[in-house]
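Below is one structure, written out as structure tokens; the observations come after it.
Computed from the coordinates by the stated procedures, all read-outs in this text should not be read as laboratory data. These figures come from a predicted structure and were not determined experimentally. When we count neighbours, we look across all protein chains shown, and the Cβ atoms used for this are built from the backbone with ideal geometry, even at glycine.
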Amino acid sequence: MTRLMDWKTHSDLSMSQEFIQATEAEWNRGSQHQWAITRQDTGQVIGAVACGELSHRVSIGYVLARPEWNMGFATEAADALVQLVELVPGVARIWATCDTENLASAKVLEKCGLIKEGILRNWSFRPNLEGAVRDSYVYAKKRDA
């Protein structure tokens, strides 16, 4: 299910190679950190988890191959990332968005301890839906002072 992603589905190898190069550059700049999600039993890459720039607020996100849905992998990876980010001094807020139709992703965020704060109207551009601009839920977890 690529229709609700923030980026266009990769249609050839060159798109994936460009993505990997951009991801490496973002890591080196410290603007985004991304890790592969792998199956423990096979080592196969089944998705990715990422967090935005480490400042007082950090955004998180994840993507998972459809055959791996409903097995707990997204929750396990996202929760591990939330726990990691919580260890970073100075982070006061961890947040994420998901399309209002993506109830499975909303459930993952809730399982990771994020709380739905509301709806962001016309927030996300969905290139796989002919460039539709759509509403998103915003979830967050804050660190008490």
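Worth pointing out:
- Neighbours of residue 86 by Cβ distance under 9 Å: Lys/Arg scored +1, Asp/Glu scored -1, total +2.
- For 13, 54, 103, order by how many other beta-carbon atoms lie within 10 Å, fewest first: 13, 103, 54
- Label selected from (1) 0.95; (2) 1.04; (3) 0.97, the criterion being Rg/Rh (Cα atoms, Kirkwood Rh) as computed here: (1)
- Estimated from helices alone, the mean residue ellipticity of the chain at 222 nm is -9000 deg cm²/dmol (sum of -39500 (n - 2.57) over DSSP H runs with n ≥ 4, per residue).
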